[in-house]
Amino acid sequence: MGRSEELFERAKRVMPGGVNSPVRAFNAVGGAPRFIQRAKGARITDVDGVTYIDYVGSWGPMILGHCDPVVQQAVQRAMADGLSFGAATQREVEMAELICSVVGPIEMVRMVNSGTEAVMSALRLARGFTGREKLIKFAGCYHGHSDSMLVKAGSGALTNGNPDSAGVTRGAAQDTLLAQYNDLDSVEQLLESNRGQVAAVIVEPVGANMGVVPPAPGFLPGLRRLCDAHGALLIFDEVITGFRLALGGAMEYFGVEADLVTYGKIIGAGMPVGAYGGRREIMAHVSPSGSVYQAGTLSGNPVAMAAGIANLTQLRDHPEIYTAINQMAEALAQGLRQALPGCTVNQVGSLVCPFFTPGPVTDFATARQSDTGRYAAYFKHMLSQGIYLAPAQFEAMFVSAAHTMADIQQTIEAASRLPQS
């Protein structure tokens, strides 16, 4: 038994499922999760001393790679001044100014501590701003674990949401309506049947929590038009796509502006941080300037802000980073299509996902047609070849600026050695 297995046995005695987040468990692929000791560049090393090419990247924020020296130096300087003050700091002002300067539609921003908190706060703001109570989300899109977002479709495709987790009351979920990703008709039907009641439509611009599912041509502009016609706000959940698809995120990449945007750990270079922002007229409703209450002792943490400023500044000053990571991701996707016959490989920017189905994969229903048993075999094989992937089919691979074309080729060659069942 290796040290990871030993640690997992210890963890199961004191932590639910032996992990602090379900995505870290290997339940979908079998075995014990690898416990990571350190990381550098595009590689991580577990407690047994095994090193892997990493395509998880802390679930996306390590766009520059692990332990980027500029980010590390910024963190070290900030730590010398103190870890937390519970008071206003210069760095949180600089971070807000930086985000507003590079993401055109955002005029004001509020820092929080996670993507879940950002979404929860943005939804409350949408309700407070519009005076409406209902929300529309899409099957297969994940927006954190706040109660109103943990819903699933009921008996029909267009019913009110039912709780998708124990502990979530029907009251918390009943105002969340379920539409189908890439299906504008399903959204329009909900808006028409709940005319004047929908505060917001929230969407992952790229469905990156059901693998990687790109928006169909016209889908995002169609959501913009429908929201405008019905007086609802359009919220882009850019916890994954923000500052990754482009400096301006999915709004820049697809040329569609949302009313509110949520961000996660990438704005802290992997530290616990999130944010939500939007037009001034909407954000002015947030306390203390408005009546929509939201607060946080650690919001705008000075160390996290230092890391985030260093991360985003490099992305702003070196646009060639996006060209490089997108080209590597495209090469990876093309190589995996050849290495994994009978699979569908989706790619958007630096996000990649192989589905073990002939496809196409365009929404949650088609994503679920993927053979998760084959993915589990693929995952175990790649792990044995020194490639670290997400331990579940419905997640993205993240390419970083620390990866090289040699890493991409090594990954493709490893995939090509997968035994065919």
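Details
- In region 106-115, residue farthest from Asn311 (Cα to Cα) [restricted to those that are open to solvent by 30 Å² or more (accessible area, probe 1.4 Å) and of a type outside the set (A, V, I, L, M, F, W, C)]: Glu107
- When the criteria are applied in full, Thr241 fails the requirement of being among the hydroxyl-bearing types (Ser, Thr, Tyr), assigned to a loop (DSSP other than H, G, I, E, B) and open to solvent by 10 Å² or more (accessible area, probe 1.4 Å).
- Among residues of region 165-186 that are closer than 16 Å to Glu204 by Cβ, those with a beta-carbon under 6 Å from a residue that is assigned to a strand (DSSP E or B) and aromatic (Phe, Trp, Tyr) at least six positions away or on a different chain give the pairs Ala179/Phe138; Tyr181/Phe138.
- The set of residues in region 98-112 being at pLDDT below 95 and either among the polar types (S, T, N, Q) or in contact with a strand residue (DSSP E or B) (Cβ under 9 Å, 6 or more places away or on another chain) (or both) consists of Pro105 alone.
- Region 294-317 - residue that is in a loop (DSSP other than H, G, I, E, B) and in contact (Cβ under 8 Å) with a residue 60 or more places away in the chain and, of those, most open to solvent (accessible area, probe 1.4 Å): Thr297
- When Ala229 is tested against the conditions (1) farther than 15 Å from Thr362 by Cα; (2) open to solvent by 10 Å² or more (accessible area, probe 1.4 Å); (3) in contact with a strand residue (DSSP E or B) (Cβ under 6 Å, 6 or more places away or on another chain), the lone failure is (3).
- Taken together, Ala406, Ala367 contain a single residue that is of a type in the set (Gly, Ala, Ser), within 29 Å of Ile266 (Cβ to Cβ) and surrounded by 15 or more Cβ atoms within 10 Å (Cβ to Cβ), which is Ala367.
- Of the helices (runs of 4 or more DSSP H) lying entirely inside region 1-104, those containing at least 2 residues that are closer than 22 Å to Phe379 by Cβ and open to solvent by less than 30 Å² (accessible area, probe 1.4 Å) are 3-14.
- Test result for Gln327, open to solvent by 10 Å² or more (accessible area, probe 1.4 Å), in contact with a Ser or Thr (Cβ under 8 Å, 6 or more places away or on another chain) and not charged (D, E, K, R): no
The values are calculated or read from the model by the stated rules, or taken from the named source; none is laboratory data. None of these values were measured; they are calculated from a predicted model. Cβ sites come from the backbone with ideal geometry, for glycine too, and all protein chains shown count toward neighbours. We work out accessible area using only protein heavy atoms, side chains counted, and drop any ligands, DNA or RNA first. Shrake-Rupley method; radii C 1.70, N 1.55, O 1.52, S 1.80 Å.
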